[in-house]
1. Tell me which of these Gly31 doesn't satisfy, since it passes every other one: (1) more than 19 Å from the chain's Cα centre (by Cα); (2) assigned to a helix (DSSP H, G or I).
2. Tally the residues that are assigned to a strand (DSSP E or B), hydrophobic (A, V, I, L, M, F, W, C) and either touching a residue at least 60 places away in the same chain (Cβ under 8 Å) or surrounded by fewer than 15 Cβ atoms within 10 Å (Cβ to Cβ) (or both), restricting the search to region 239-275.
3. Out of Ile62, Ile18, which single residue is more than 22 Å from Met91 (Cβ to Cβ) and within 27 Å of the chain's Cα centre (by Cα)?
4. Sort through Ala306, Ala332, Ala354, Ala325 and tell me the only one that's farther than 26 Å from Asn257 by Cα, touching a residue at least 24 places away in the same chain (Cβ under 8 Å) and crowded, with 22+ Cβ neighbours inside 10 Å.
5. Determine, yes or no, whether Ile41 is in contact (Cβ under 8 Å) with a residue 60 or more places away in the chain, of a type in the set (Val, Ile, Thr) and either within 23 Å of Asn83 (Cβ to Cβ) or buried (at least 17 other Cβ atoms within 10 Å of the Cβ) (or both).
6. Kindly indicate whether Leu236 is closer than 29 Å to Leu302 by Cβ and touching a residue at least 40 places away in the same chain (Cβ under 8 Å).
7. Which residue, of Met1, Met91, Met22, is crowded, with 20+ Cβ neighbours inside 10 Å and either out of contact with any Pro (no Cβ under 7 Å at 6 or more places or on another chain) or among the acidic types (Asp, Glu) (or both)?
8. Out of the residues in region 98-136 that are surrounded by fewer than 22 Cβ atoms within 10 Å (Cβ to Cβ) and within 15 Å of Met1 (Cβ to Cβ), state the one that is nearest to the chain's Cα centre (by Cα).
Amino acid sequence: MGMVGGGKDAFIGAVHRIAANMDGLIELVCGAFSSQANKSIASGRSLFLPDNRIYASFEEMIVKESQLSADVRMDFVSIVTPNHVHFAPAMLALEHGFHVVLDKPMTFTLDEAKALQKKAEEKGLLICLTHTYSGYPMVKQARQMVQQGVFGKIRKVYVEYPQGWLSNLSEKEGNKQASWRTDPARSGKSGCMGDIGTHAAHLAEYISGLHITELCADLHIMVEGRALDDDGNVLLRFNNGANGVLTATQVAAGEENPLKIRVYGEKGGLEWAQQEPNTLFVKWLDQPMQVYRTGVGYKDPLSSFASHNTRTPGGHPEGYLEAFANLYRNFALTLSAKIEGTIPSPEMLDFPTAADGVRGMAFIDNVVKSSAGKEKWTPFVV
């Protein structure tokens, strides 16, 4: 793996490295860790990389790595920069034959996301998008139960992602994360909905197996002086006739990351919460509620997708880092199969792709358009 961004003092870069390293399938071999050459070199050295594999820019890294022999050069690049610096390194990597892991949202604009998807398809290359929450074992169990039809036709989806960390004007108080996430020039046309609303939308589609076809959005800037939305509510319509409600906010003072989803069908429903990720509540019309737990050897076992993404016995919490690592592991296993000319299993292929990234960017565009418009319903255009 090579890395673009994620230098000293960067939050998400360290998370990516921990996740990539967790299963021993991926080795960090090179990087351009900052747009500042001296910072990139210092960051690379702190990660024990040799000086000749630490680069001053992503352009230099991708070009020089492509000139190395296949057994030495990186196989893929992980891009962990702010949104406006996703497209250029990803496109250059694809053009030089490298697979790509991208933090979400996929790009700065929908057109850029479509261009990356097209280039990857042309080159036969993989793109993995790090929608972390789809990596949890119980999220995968929920998806499999819906796909198996145990709840009947899905009718209703509720998904909420409240945070409180932007309740003050933190971007003016030296908070680096707040600074770029609330800046239209670096984050894009949406703040809260682009940052965490996309997670909620992806989770709703991933578990339900449905696609959003229409939405009605109401976005707000609650903190005076902020440039992008920090709060919003969205009504959803899905392609099977189901409807839903999505809420995302970063001004719910006191909240951490209590992402939660409920999905209901004709016969029952399910509930999963990120702050208790090992647990899945399953509810029925005609019998008591059931509690599913990851890592437990039930007589009637969990799905192969849940067990494939479970590392520890029951009672040992598997959280954010493990879910992140599941995406990297499945991507690495799929890439290894591709290199070796074998067929990856469905469980290996279960990670977010460029198609998910394009839908995420379309979600941002359509939510902003809906909130600014006067029509009640906005068609979901990709």
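1. Condition not satisfied by Gly31: (2).
2. Qualifying residue count for the region: 7.
3. Details: Ile62 fails: more than 22 Å from Met91 (Cβ to Cβ).
When all the criteria are applied, what remains is Ile18.
4. Ala332
5. It is false that Ile41 is in contact (Cβ under 8 Å) with a residue 60 or more places away in the chain, of a type in the set (Val, Ile, Thr) and either within 23 Å of Asn83 (Cβ to Cβ) or buried (at least 17 other Cβ atoms within 10 Å of the Cβ) (or both).
6. Answer is yes for this residue.
7. Working: Met91 fails: crowded, with 20+ Cβ neighbours inside 10 Å; Met22 fails: crowded, with 20+ Cβ neighbours inside 10 Å.
Every option except Met1 fails the conditions.
8. By that ranking, first place goes to Leu126.
Taken together, the values in this text are just the output of simple stated rules run on the coordinates, not laboratory data. Bear in mind that the values here come from a model prediction, so they are computed numbers and not experimental data. Please note: Cβ atoms are built from the backbone with ideal geometry, for glycine as well, and neighbour counts cover all protein chains shown.
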